[in-house]
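Data block below; observations after.
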Amino acid sequence: MAHAYTPGLKVLHQSDVTKNRRLPIKGEVLKNIDDIVTPDVIVATTDLPGNVQMVKVSNLLNIGPGDINEAMIVAIGDHVKKDQVIAEMAGLFGLFKSDVKSPIDATIESISDVTGQVVLREKPIPVEVDAYMSGVVKEIIPEEGVIIHATAAFIQGIFGIGGESRGEIVVVTDSRSDEITSNLILEEHAGKIIVGGSFISLEAYRKAISLKVAGVVVGGFNYFDLEPILGYTLGVAITGSEELGTSLVVTEGYGKIHMSDRTFSLLKEHENHFASINGATQIRAGVIRPEIVIPLSKDQLTQIEDTKVQEVGIGMGSLVRIIRAPYFGKIGKVKSLPSELNKMESETMVRVAEVDVNGEILLVPRSNLEMLETN
């Protein structure tokens, strides 16, 4: 039996999507209100301070810290090259000079006659923020970034890894129940977002990475295959910072699960259209969902009606999925919804549900549950 996760996950044919594109520190905003942008357009830029390296000049020259200024042959603010002499002292009778060379290309940031140290700072690190998706700049955040708006088809997944990417959508399976196998991933899919049905194996996903596929959207993935990819056990970590090159968005859950008909049909409808994808996921407080954003043209806007998500409450007998640790990914049926508050391990008092998972009754905070519909 297959399961599709519905409430809490948006699968919209048409939706107003806004994205906050912000620098980590203050910098320069390059766009104006009402500017039209594409995903690769840089909207804001700044420079992060370079790394710092300290050189203990007084020790290296065998002098007291107070004598460092006499030994320095460069000043604060000077740019120096790697292996350039920055300080020197003549030995006895002017013989046997000793010197100190810069270990890096840097700028002299400070010279201390208290510690005898010279602080070198490497070149600033440029940081650029792109638009991520096609749209219109609706708001400027002074010295920080912009807010971009688009009318788009919008799909959320249950889990993802790999951060932001973009490319044309290519559906590589015939149906939502088919697995993405290695032979379906071709060199021509480089830079594309491939869509499959129920599952992708570790071997196939690694092939997608090696061929520089932009992203993979699929119904299910094996939880135990995450560790070989990430190099660590996921736990409750926030994903999205992995430098994989190929973002992965899982729409249904762990294991081999048919992609929901609604999701597969919407992606199939937009095959060969350009989309933005983000695998970033947070499964604890402040939930972040992985997503696929497909900006719509004016012609498409006239043909598509806005789709609303129907909220369905959890009740007795509801099929649910647990969306947070320690039971993340488990599926079961609600046996009861006690009205009284229950104390959790964290000492918080919350309303819970009794969930039957393969005969084991688990006490789970209601906020940690997500409804499923059976296909």
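The values are calculated or read from the model by the stated rules, or taken from the named source; none is laboratory data. Just so you know, these numbers come straight off a predicted model, no measurement behind them. A quick note on method: Cβ atoms are made from the backbone with ideal geometry, for glycine too, and the neighbour counts reach across all protein chains shown.
Quick check on the range 190-203: of everything there that is out of contact with any Lys or Arg (no Cβ under 9 Å at 6 or more places or on another chain) and not in a strand (DSSP E or B), which residue is nearest to Ile292 (Cα to Cα)?
If we take residues in the range 190-203 being out of contact with any Lys or Arg (no Cβ under 9 Å at 6 or more places or on another chain) and not in a strand (DSSP E or B), then Lys192 is nearest to Ile292 (Cα to Cα).
Condition check ((1) in a strand (DSSP E or B); (2) not assigned by TED's automatic domain parsing to the domain that holds Tyr232) across all residues:
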site: Val129; (1), (2): yes, yes
site: Glu139; (1), (2): yes, yes
site: Gly160; (1), (2): yes, no
site: Ile169; (1), (2): yes, no
site: Ser175; (1), (2): no, no
Would you please name the residue that is farthest from Val213 (Cα to Cα), looking only at residues in the range 227-238 that are surrounded by 14 or more Cβ atoms within 10 Å (Cβ to Cβ) and out of contact with any helix residue (DSSP H, G or I) (no Cβ under 8 Å at 6 or more places or on another chain)? Ala237
When the residues of the range 19-50 are filtered to those that are outside any strand (DSSP E or B), surrounded by fewer than 13 Cβ atoms within 10 Å (Cβ to Cβ) and β-branched (Val, Ile, Thr), which remaining residue is modelled with the highest pLDDT? Ile33
Name the one entry in Gly157, Gly116, Gly162 that is under 16 Å from the mean Cα position of the chain (by Cα), under 30 Å from Val52 (Cα atoms) and among the small types (Gly, Ala, Ser). Gly162
Could you list all residues from the range 141-174 that are of a type in the set (Gly, Ala, Ser) and out of contact with any Gly (no Cβ under 6 Å at 6 or more places or on another chain)? Gly145, Ala152, Ala153, Gly157
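Given the structure, is Val118 assigned to a strand (DSSP E or B), surrounded by fewer than 23 Cβ atoms within 10 Å (Cβ to Cβ) and of a type outside the set (Ser, Thr, Tyr)?
Answer is no for this residue.
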All positions within the range 207-221 that are within 13 Å of Thr251 (Cα to Cα) and free of Cβ contacts under 8 Å to residues at least 40 places away in the same chain: Val216, Gly220
